[in-house]
Each structure stands twice: as structure tokens, then as C-alpha cells.
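Some notes on the structure that comes next.
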Amino acid sequence: MSNSGVTFNSRYKTFTVDSRLRYFKPHSSEIERTFAEEIVEGLDRKSKYINPKFFYDPAGSELFEEICSIPEYYLTKTETEILEGLDGELAGILTEHLKSNAGHGRDRKEESCTQGIRLVELGSGSSVKTRLVLQVLFGVQDKVEYFPIDISDIITESSERLLADYENLKITGIIDTYEGGLEFLRTYDDRQTSLIMFLGSSYGNLAPENGKKFLQKIRSSMNPGDLFLIGLDAVKSASMLELAYNDSVGATARFNLNVLSRINSELDADFDTENFAHRAVYNHDVERIEMYLESLCDQSVTISKSGLVLKLHRGERIHTENSYKYRPSEVRRMLESVGFEYRRMWTDESGHFMLVLVTVS
Ligand code: AVJ
């Protein structure tokens, strides 16, 4: 992999692997400073928290993949099942959509409309789901350009595997936050129609006000004719939810604790993971799962690169994640309130999970 150093966007380094694969990544010092700063900000206060985006170092991403394969964690399975069932219908919508856009007289050049749709994915997710959507796209056009946006380097691995299986696929990976990646794409080019996907209920990490801001960010990064497909977990019984976040093989616990190991290695800290326990509880009032790391004793932890000595007493909790659940009736309103045009919602038979397609006109 060579660093061509080129760039139309100086925040990023470009890694060109070959004509079908390249990555953009912000200069590393920038990432590290942010991590150290955000960790102090979250821990040097009375109610302590760590942003869940920090779960996804290579080990954390692997643990998350493991979680996705556990039966109690019904989210991935259910969403995949919905995707499998909608291929014909989605292909129809995309074909229709391309036709009506071509005659719509928008800003883009006429010929570019025939280039079809590019796939932008927020979070590289499981490549099983990506493949299902790529399959639909290859059904309606010959070539596809895929832009995974992910905070973790893990996209480099899944990309190689995707390219091996799809000859007419080109991948431009953006290793950055979602906001950074969307910003990047705006300065990139806007000749193709984008299908932006945000699957797995990752949106559920955001509290309503931040979620709304984020949807606005997505909305404003889109051009007329672009599509947005979002996967959301539905409100359901507390027992089913709590089981999904307290799995029987302890993968979710390891995933939660791994963020401390990550802080240890990247910020020179001395967390002893044995001194913490994983907790996941459903909060009925705000309809979300809350995850914590609970201190099992009075202890003091040094985080050198953050310049912080952290004191925790027994039973004190660090809040590591919120995972909001949604009611079908509120989803449409939520999306329309930021200016999306609602197209279609798909759910599984039990209504455990939702996929929603919206557009921008
Ligand atoms: C990736 C944010 C959707 O909230 O269900 C899984 C992360 N945390 N198990 C979720 C997660 C614990 C997951 N999201």
C-alpha cells in the first residue's frame, strides 16, 4: 500500500492500493489528540462517560462481529432477514428512481445519471448486509462504486474480500467519523446518485437532539434524488432487550471492557479490567438500553496521555453506551421533521426491527 500523499483535502492521507481500491485517512496525530481529549472530558467529571464510538478498535470491531452472530442479539439477524426479503422491491424502486431522476433536469450531467447509483455506508457493518445491497445494485447497473465510512481500519480487510467477489466494484474507503466522512464526500464529487445506508440501529447511539442534528447533517450532504436507508431497532419487551445486551457467552461484556484495554494501550493507562463489571439495563422512561462499566472496588487509575488520575469508588459507574429503541409511529415524523421524503418502511413479521427508505427532492 503506498501513500500517494496527494490531495484535494489536506485533512486526509491517501492510500492507493490499486485502481479499484484506496483509502482516505486523517493524519494520525489528529485522531490521537481527539481521543485523549475526549477521554478526559468524559472521565474528569462526576457522572462519567466514554463515547461508544471508541469501542471500535480492531479488537472491539472483532468482538462486535462476534456479538452479531449470537442468537440473543437478534438485531443483525433480523435486519439481514428483512434485507433478504426486499431485494426485488428495492431493485424496482431504484430502477424507477433512476429513470425519474434522469428526466428530472437536475444539476448533474445527463450522462452521469446513466452511471447509476453509488453506495455510501456509514459504518462498514457486516459485509453480509453490504453484499445484499450490492447484489441489488448490480441487478440494475453494471458497475458500482462503494464508499464505506468507518472509524476503524477494519474496512481494509472487508474491502479486499468484497473486491475478490465483485469484478466491477470499486472501493473508496474513508477511515473517519461519520461526520468527517460525509463532509469529505461533499468535497469529493457529486456526479452520481448516492444511496446512503446507516444500518444496524447504529443511529440508536444518539440521543434524540443529537440524532436530529446528525440526520440534518446527512440530509444536507445529499443532493436531490439521493436516497437514505436507515435500520432502526424497535421498542419491545425489556426481557428480550436485556438478554440481547447480556448474552450468555459474555461477548457483550468483553466488548464493553475492551474500551478500557484500548485506553490502556493507546493512552498509556493502567485500568485493570478485572476490577470492572459489565452492566446493561433497559430504561423504560426513555426507551433505551444503557451500558455501564461498574467499578468493583475503590480504585485509582492513571491515564498518562490524558494527564489524568481517575478515582473511582466501589459501585460507581462509567456510562459507555445508550442504544435507543424506536416506535414505528414516531420514525416517519422523525425523518420528515428534517426534510426527508418518506418512501417506505419494511419490518420483520414480529416487528422487532425496521428498515426505512427516504429521499431528498
Ligand atoms: C452498533 C450501536 C447498534 O447498540 O446494539 C451491541 C452496539 N452494544 N451490543 C447496539 C452494541 C452492545 C450496537 N450498535
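The values are calculated or read from the model by the stated rules, or taken from the named source; none is laboratory data. From a predicted model like this one, the values you see are computed outputs, not experimental measurements. Methodologically, a virtual Cβ is constructed for each residue, glycine included, from the backbone with ideal geometry; neighbour enumeration extends over all protein chains shown. Heads up: the accessible areas ignore ligands, DNA and RNA and are worked out on the full protein's heavy atoms, side chains in. Shrake-Rupley method; radii C 1.70, N 1.55, O 1.52, S 1.80 Å.
What accessible area per residue comes out for region 19-361, rounded to a whole number of Å², with a 1.4 Å probe?
Working: 15020 Å² over 343 residues.
So region 19-361 comes to 44 Å² accessible per residue, rounded to a whole number.
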Reachable lysines from LYS325, criterion Cα separation under 30 angstrom, eight or more residues apart if same chain: LYS46, LYS48, LYS53, LYS77, LYS129, LYS212, LYS213, LYS217, LYS236
Comparing ILE289, ILE174, ILE303, which has the greatest mean-square fluctuation in the GNM of the chain with Cα pairs linked when under 10 Å apart? ILE303
Using the Cα atoms of region 122-180, I'd like the radius of gyration and the largest Cα-Cα distance, Dmax, both in angstrom. 11.2, 31
Within region 125-153, the residues whose backbone N lies under 17 Å from a label point placed 7 Å from the Cα of GLU167 along the Cα-to-Cβ direction are 135, 138-145
Nearest 5 is fine: what % of DSSP beta bridges in the chain come out antiparallel, could you say? 65
Surface share of carbon and sulfur [accessible, 1.4 angstrom probe, percent] for region 19-361: 47
Hey, what do the phi angles of region 292-302 turn into as Karplus ³J(HN,Hα) couplings, whole Hz, using 6.51/-1.76/1.60 and θ = phi - 60°, x for Gly and Pro? 9, 10, 9, 6, 8, 7, 6, 8, 9, 10, 9
Take VAL281 and GLU81, extend 7 Å from each Cα along the Cα→Cβ direction, and tell me the distance between the two endpoints in nm. 3.0
Calculate for the chain the 222 nm mean residue ellipticity that helices alone would give, adding -39,500 (n - 2.57) per DSSP H run of length 4 or more and normalising by residue count, nearest 500 deg cm²/dmol. -12500 deg cm²/dmol
What nm value, rounded to one decimal, do you get for the distance between GLU89 and HIS27 when each label is placed 7 Å out toward the C-beta? 4.9
Considering the options PRO26, LEU185, ILE230, tell which one lies farthest towards the positive end of the dipole of the chain, charges being +1 on Lys and Arg and -1 on Asp and Glu at the Cβ, about the Cα centre. LEU185
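Which whole-number percent is the relative contact order of region 197-291 (Cα, under 8 Å, 6+ apart)?
Details: 69 pairs, mean separation 24.0, N = 95.
The normalised contact order for region 197-291 reaches 25 percent.
Treating the beta-carbon of each Lys and Arg as +1 and of each Asp and Glu as -1, no other charges, what is the dipole magnitude of the chain about its Cα centre, to the nearest 20 debye?
Details: 42 positive and 57 negative charges, 198 e Å.
Using only the charged Cβ atoms, the result is roughly 960 debye.
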Just going by the charge dipole of the chain, with Lys and Arg at +1 and Asp and Glu at -1 on Cβ, which of GLN141, ALA280, VAL338 is farthest out on the positive end? VAL338
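Just the ratio, please: alpha-carbon radius of gyration of the chain over 2.2 N^0.38 Å, N its number of residues.
Working: Rg = 20.9 Å, N = 361, 2.2 N^0.38 = 20.6 Å.
Ratio of Cα Rg to 2.2 N^0.38 Å: 1.01.
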Quick test of the membrane-span-like rule: which DSSP H helices of the chain reach at least 24 Å along their long axis (C-alpha atoms) with mean Kyte hydropathy at least 1.0? none
